[in-house]
1. Regarding region A:143-151, can at least one residue be identified that is in a helix (DSSP H, G or I), of a type in the set (A, V, I, L, M) and surrounded by 15 or more Cβ atoms within 10 Å (Cβ to Cβ)?
2. Filter region A:1-44 for residues that are part of a helix (DSSP H, G or I), surrounded by fewer than 18 Cβ atoms within 10 Å (Cβ to Cβ) and either assigned by TED's automatic domain parsing to the domain that holds residue A:177 or at pLDDT 90 or above (or both) and give the result.
3. Quick check on region B:19-38: of everything there that is facing another protein chain (nearest Cβ under 8 Å) and outside any loop (DSSP other than H, G, I, E, B), which residue is surrounded by the most Cβ atoms within 10 Å (Cβ to Cβ)?
4. (1) charged (D, E, K, R); (2) away from chain A (no Cβ under 14 Å); (3) within 26 Å of residue A:204 (Cα to Cα); (4) in contact with a strand residue (DSSP E or B) (Cβ under 8 Å, 6 or more places away or on another chain): which one isn't true of residue B:16, the others all being true?
5. Take the residues in region A:67-84 that are assigned to a helix (DSSP H, G or I) and among the aliphatic types (A, V, I, L, M); name whichever of them is farthest from residue A:245 (Cα to Cα).
6. Residues of region A:197-212 being among the polar types (S, T, N, Q) and at pLDDT below 95, which ones?
7. For region B:68-78, which positions are closer than 19 Å to residue B:19 by Cα, within 13 Å of chain A (Cβ to nearest Cβ) and β-branched (Val, Ile, Thr)?
8. Identify, please: which residue in region A:181-205 is among the hydroxyl-bearing types (Ser, Thr, Tyr) and more than 18 Å from residue A:240 (Cα to Cα) and is, among those, nearest to the other protein chains (Cβ to nearest Cβ)?
Amino acid sequence: MNRLACLVVVIGMALPAFAQDARKSGFDYMGPDTQAMQKDDLANPGMLSVLEGETLWNTPTGKAQKSCAACHGDATQSMKGVAARYPAMDDKTQSAIDLAGRIIQCRVERQEAPAPQREGRELLSLSAFVGRQSRDMPISPPQDAKLAATRAQGAALYSARMGQLNFSCAQCHDDNAGGHLGAAPIPQAHPNGYPLYRLEWQSLGSLQRRFRNCMSGMRAEPFAAGSTEAIALEAFLMERAAGMKLETPAVRP
Amino acid sequence: MARALINVPAKSKRGEIIEIKTLMSHPMETGFRPGMDGQLIPRDIIEKFVCTYNGEVVFSAQLHPAITANPFISFTTIATESGTLVFSWTDNKGETQVQTASIQVE
């Protein structure tokens with residue numbers, strides 16, 4: 001299997017690098033069937049999680065017996081554009097925080113509930129519901145000078161070679177975007193639809209799961225869930241995708 | 001089980017062919033996959049889907065382990081009269097989830 005994956009990667013790399021003039025969403029690389037699935041809210045399985053998230057949003061929880069709606073009210077108003085602004089700077093810890101991290105923080109500190117697990121159903125559903133409120137809005141990373149260091153760290157990680165295959169993210173997603181890795185098209189790695197429903201996973205997954213997926217493919221040690229590295233890489237990618245439209249919950253093959 | 005998304009046209013003309021779409025949230029665990037501990041994850045699939053229109057079965061399907069998680073089933077029927085469509089999904093443990101939708105036929 002390792003050798004096969006290696007070979008596939010080598011073949012993919014041998015394809016000519018197509019210079020991209022414009023940024024393209026992963027959506028543009030998909031077949032018409034998958035595109036139709038994403039566009040139809042009744043066929044998009046990610047919408048099931050959004051519905052679940054809506055229920056969670058309105059359900060009182062934790063020792064405080066408060067729901068998300070008790071503070072934030074109507075999510076269609078209060079959460080509009082929020083997902084487009086993360087990762088942001090957390091004033092309290094003075095470090096970058098992603099949307100899932102913020103939800104965990106709210107759950108623990110304000111609702112006094114147990115911390116939802118990363119990649120767990122509760123957190124994914126809530127992230128999908130909050131993300132859905134920003135659909136079709138442009139990604140607008142905060143103009144916060146304090147985030148510069150985080151973004152620089154993310155940029156360095158993006159072009160750093162890692163793992164036994166000694167690849168960097170940029171080698172595939174910049175140099176060979178538009179080419180193929182085996183049969184799969186290589187997209188430009190814009191995080192504009194997370195959390196998204198991946199057909200291969202048969203479930204909703206976060207951007208960090210996608211990172212781990214890529215990194216284990218590169219035979220590198222994946223970033224731990226919620227780690228500074230993962231958030232830094234996300235911050236860099238969101239900056240790189242600034243202005244592109246959010247598609248949450250997207251569908252990808 | 002869990003939640004489902006159903007799309008039935010709210011209104012239609014008598015004799016018109018209508019498209020019905022259903023999306024059911026379900027893991028459809030095959031029973032062939034080992035989990036993190038190396039043990040097989042027990043099978044958990046929907047085995048039967050039935051749609052009745054005013055009591056009459058208009059569509060039914062048997063589902064098998066190779067079918068995707070969150071199965072999407074779409075079919076057509078003829079709008080005959082106003083009434084209720086009842087959708088039921090039965091899993092391999094014998095649990096059934098039922099949802100209804102109403103249709104207005106002019």
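The values are calculated or read from the model by the stated rules, or taken from the named source; none is laboratory data. Worth saying up front: this structure is predicted, and the values here are computed from it rather than measured. Cβ placement follows ideal geometry from the backbone for every residue including glycine, while neighbour counts extend to all protein chains displayed.
1. yes
2. A:28, A:32, A:33, A:34, A:35, A:36, A:39 - these are the residues of region A:1-44 that are part of a helix (DSSP H, G or I), surrounded by fewer than 18 Cβ atoms within 10 Å (Cβ to Cβ) and either assigned by TED's automatic domain parsing to the domain that holds residue A:177 or at pLDDT 90 or above (or both).
3. B:23
4. It fails just one condition, (3).
5. A:70
6. A:202, A:203
7. B:73
8. As a first pass, look at region A:181-205 and keep what is among the hydroxyl-bearing types (Ser, Thr, Tyr): A:194, A:197, A:203.
Cutting the leftovers down to more than 18 Å from residue A:240 (Cα to Cα) gives us A:197, A:203.
Values: A:197: 8, A:203: 6 Å.
Here the answer is A:203.
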